[in-house]
Amino acid sequence: MNRIAVGIEYDGSAFAGWQSQHSLRTVQGVLEGALGAVAAEPVSVVCAGRTDAGVHARAQVAHFDTHAERSSRSWILGANSEAPEDLAVLWAQPMPAHFHARYCAEARVYRYLILNRTARSALAAARAAWVTRSLDERAMAAAAAQLVGEHDFSAFRSAECQAKSPIRRLTRLAVERRGDWIVIEAVANAFLHHMVRNLAGLLIAVGKGDQPCDWARTVLEGRDRTLSAATAPAEGLYLWEVRYPAAFGLPLVPADGVPWADQL
């Protein structure tokens, strides 16, 4: 049996999330169909981080086991010939049997993209959140700094979250303005369900001036989801990178940027 790791990017707009669901179009279902066609046998893929409906991925990682013997080029070209235009396999690589896309990951990086201008975007309509009120990125960054570290993030998890513990280690939560764009980057060992979108919702509220910077600490320590801001829209969220030990020799993540917003 061969274990293969693949890197995937997808536009989540037309997907009902990652996980296979009966009669719904999901990333897992589409990817398994494409890889299974190349393998000439059913395959089951395991990903580094399950994304929700409408959430995108720039560098998702998954693995699967197969009896098939194919070159990396064949996996890539074959899968992409079977997959729809909103999903692409970027690379494929044989891995040792102990490699696991989820459990071997050391960190996950998410970015939340906000278009902050009066006019809506035709190109980024389903690929970024749109906020017309001017956002104070410095206030957002000050609020974000209060959330970095190992904490109980109960105030930022959804009611449907099935994680056994709300404790997470957030090693980076940064806010940067790039022209009309604001980029929020979150890095952690793992995230709770809706955690990044809930963090983004709070930071947007602070950026609008609806709440003071210190509200971030108050919400965190209150551990009550109902006392925080609304969850930010799914279309702004990207699984940007998954980091693994160098010993696995996985391909480097492509340079920053997305085709419709080169400045990012």
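Nothing in this text is a laboratory measurement; each read-out follows from the coordinates by a stated rule. Remember, it's a predicted structure, so these values are computed and weren't measured experimentally. Neighbour counts run over all protein chains shown; Cβ positions are idealised from the backbone, glycine included.
Evaluate E = 1/(1 + (r/R0)^6) for residue 22 and residue 138, where r is the Cβ-Cβ distance and R0 equals 41 Å; express this FRET efficiency to the nearest 0.05. Present the calculation step by step, with values, prior to reporting the outcome.
Values: r = 47 Å, r/R0 = 1.15.
So the FRET efficiency works out to roughly 0.30.
Given H placed on each backbone N at 1.01 Å, which residues far from residue 163 in sequence or on other chains put an amide H within less than 5 Å of it?
The answer is 193.
Roughly what would the spin-label model give for residue 152 and residue 88, points 7 Å off Cα along C-beta, in nm?
4.5
Taking H placed 1.01 Å from N in the peptide plane, check which residues at least 5 places from residue 16 or on another chain put their amide H under 5 Å from its amide H.
The answer is 25, 26, 27.
Residue by residue through the stretch 20-25, what is 3J(HN,Hα) from phi via Karplus (6.51 cos²θ - 1.76 cosθ + 1.60, θ = phi - 60°)? Round to whole Hz and write x for glycine and proline.
4, 9, 4, 6, 10, 7
Express the relative contact order of the stretch 48-200 as a whole percentage, based on alpha carbon pairs under 8 Å and six or more residues apart in sequence.
Computed value for the stretch 48-200: 22 percent relative contact order.
List the longest stretch of the chain that has no exposed loop site; here a site is one of the GluC sites (Glu not before Pro) assigned by DSSP to anything other than H, G, I, E or B, with at most 13 other Cβ within 10 Å. Spell out each step's value before the answer.
Working: sites that count: 69, 85, 106, 160.
For GluC sites (Glu not before Pro) (loop position, at most 13 other Cβ atoms within 10 Å), the longest site-free span of the chain is 161-264.
At residue 73 and residue 169, where each label point lies 7 Å from the Cα along Cα→Cβ, what is the point-to-point distance in nanometres?
It is 4.2 nm.
Summing -39500 (n - 2.57) over the DSSP H runs of n ≥ 4 in the chain and dividing by its residue number, what mean residue ellipticity at 222 nm do you reach, to the nearest 500 deg cm²/dmol? If you can, show how the numbers build up before the last one.
Values: 5 runs with 55 residues, N = 264.
Dividing the helical sum by the residues of the chain leaves -6500 deg cm²/dmol.
Can you pull the semi-axes for the chain, root of five times each eigenvalue of the Cα gyration tensor, sorted largest first, whole Å?
Details: eigenvalues 224, 81, 51 Å².
Equivalent ellipsoid of the chain: 33, 20, 16 Å, largest first.
Please list, ordered by chain and number, the residues whose modelled amide H lies under 5 Å from the amide H of residue 153; skip anything fewer than 5 residues away on the same chain.
167, 168
For the stretch 207-226 and the stretch 103-175, what is the separation of their C-alpha centers, rounded to whole Å?
If we compute the Cα centre of each part, the gap is 13 Å.
Taking the stretch 107-239 as the region of interest, what is the percent of Cα-Cα pairs per 5 angstrom bin, listed from the shortest bin to the one with the maximum distance?
Pairs per bin, as whole percents: 2, 11, 23, 25, 20, 11, 5, 1, 0.
What is the distance, in nm, between label points placed 7 Å from the Cα along the Cα-to-Cβ direction at residue 98 and at residue 252?
My value for the distance between the label points is 2.7 nm.
Can you give the charge dipole size of the chain about its Cα centre, rounded to the nearest 20 debye, using +1 on the beta carbon of Lys and Arg and -1 on the beta carbon of Asp and Glu? Intermediate results must be reported in sequence, preceding the final value.
Working: 27 positive and 27 negative charges, 86 e Å.
With only Lys, Arg, Asp and Glu charged at Cβ, the dipole is about 420 debye.
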